[in-house]
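Here the structure comes first, spelled out in C-alpha cells, and everything after it is commentary.
The values are calculated or read from the model by the stated rules, or taken from the named source; none is laboratory data. What you see is a predicted model, and the numbers here were worked out from it, not measured in a lab. Ideal geometry is used to build each Cβ from the backbone, glycine not excepted, and the neighbour counts take in all protein chains shown. Heads up: the accessible areas ignore ligands, DNA and RNA and are worked out on the full protein's heavy atoms, side chains in. Shrake-Rupley method; radii C 1.70, N 1.55, O 1.52, S 1.80 Å.
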Amino acid sequence: MINLAIFASGTGSNARRIMEHFQGHPLIRVALVVSNKPSAGVLKIADEFGIAKVIINRESLKDKDTTLRRLGSFNIDFIALAGFLLLIPKHLVQAFPSRIVNIHPALLPDFGGKGMYGMNVHRAVKETGVEKTGMTIHFVNEKYDEGETLFQAEVAVKREDSPEIIAKKVLALEHKHYPVVLENVIIRNLVNEKDQES
Ligand code: GRF
C-alpha cells in the first residue's frame, strides 16, 4: 500500500473528499492527517474515518528530525496539502521529491503567493474583474504556489458574482477534481516505481 498523509489547517472539506475517495482503494490509503491547529475541523473528520492524526506546529515542522520521525512512524510515501497554511520547509521538500502536491483556489500563477489564501484570493479575483477563475493542483517546492502545475480547471466569473459565490464555485471544482488527480499522480509516480523495484 501507498500511505498518503493529508496536511490541513482548516475545515477539511477537500480532505473529506480525499478520504472518501480512497476508502477501500486497493493501492492507496490515507494513513495520517497532519494539522498545525489543534482546533482544525479536519481533525474531527479524521476521527470519523478512523484515520490517525498528529499536530505539528510551526516550530516542529521546521525541525527536520522531529517531522521526518513523525511521518516515518506512519511510513508516509506521499503528502497532499489541502488548505495547509504553513510554508513547507526545504527539508520536507527534499525528503519527498515530487511527492508533495497542493491545491490552490485560483489559476496560478495568477492570484498566488504569500497571503493569497482563502477569501483573500476570491476577493482579489472579484476586484480585478477577471472573467474566469478556477483551481490549480501543483507540486510543492520551497516557495508558495510555485511548483510545477499538474492540473487546472476553470470556471466563469459573472459580473454579479460576489467573492462568496466565486468561492463556492471554485470549491465545487476542487472537490470534483482533487481526489482523482491525486490518485493519478500517485499511481504515475509511486506505484510504477515500486513495481520496478520488485
Ligand atoms: C481550498 O480552497 C484550497 O484550495 C485551499 O484551502 C481551501 C481548503 O478548504 N488551499 P477545505 O479546508 O478543504 O474546505
Of the GluC sites (Glu not before Pro) in the range 116-162, those whose Cβ has at most 11 other Cβ within 10 Å and which sit in DSSP loop: Glu131, Glu148, Glu160
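Gln196 to Asp65: FRET efficiency via 1/(1 + (r/R0)^6), r the Cβ-Cβ distance, R0 30 Å, to the nearest 0.05?
The computed FRET efficiency comes out at 0.50.
Starting from the range 1-51, pick out the chymotrypsin sites (Phe, Trp or Tyr not before Pro) whose DSSP state is loop and whose Cβ has at most 11 other Cβ atoms within 10 Å.
Answer by residue number: there is no such site.
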Rounded to a whole number, what % of the accessible area of the range 1-103 do carbon and sulfur atoms account for, probe 1.4 Å? 48 percent
Which value, in Å to one decimal place, does the Kirkwood hydrodynamic radius take for the range 40-198 when every pair of different Cα atoms is included? 17.1 Å
Among Val140, Val157, Val33, the residue with the largest mean-square fluctuation in a Gaussian network model of the chain built from Cα contacts under 10 Å is Val157
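Taking Cα pairs under 8 Å and at least six residues apart, what relative contact order does the range 1-113 come out at, in percent?
Value for the range 1-113: 31 percent.
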If the viscosity is 0.692 mPa s and the temperature 37 °C, what translational diffusion coefficient in µm²/s does Stokes-Einstein give for the range 113-166 when Rh comes from Kirkwood over Cα pairs? 271 µm²/s
Where trypsin sites (Lys or Arg not before Pro) fall in DSSP loop in the range 90-160, at most 11 other Cβ within 10 Å: Lys114, Lys158, Arg159
Distance in nm between label sites at Asn57 and Val155, each 7 Å beyond Cα in the beta-carbon direction? 3.6 nm
Taking Cα centroids, how far is the range 81-115 from the range 19-56 in Å? 19 Å
Roughly what % of DSSP beta bridges within the range 2-197 run antiparallel, to the nearest 5? 40 percent
Determine the calculated [θ] at 222 nm for the chain from helices alone, applying -39500 (n - 2.57) to every DSSP H run no shorter than 4 residues and normalising by the residue count; nearest 500 deg cm²/dmol. -11500 deg cm²/dmol
Rounded to the nearest whole Å², what accessible area per residue is found for the chain with the 1.4 Å probe? 51 Å²
Over 28 Å (Cα to Cα) among Lys114/Lys169; Lys64/Lys168; Lys62/Lys132; Lys64/Lys132; Lys37/Lys168 -> Lys64/Lys168; Lys62/Lys132; Lys64/Lys132
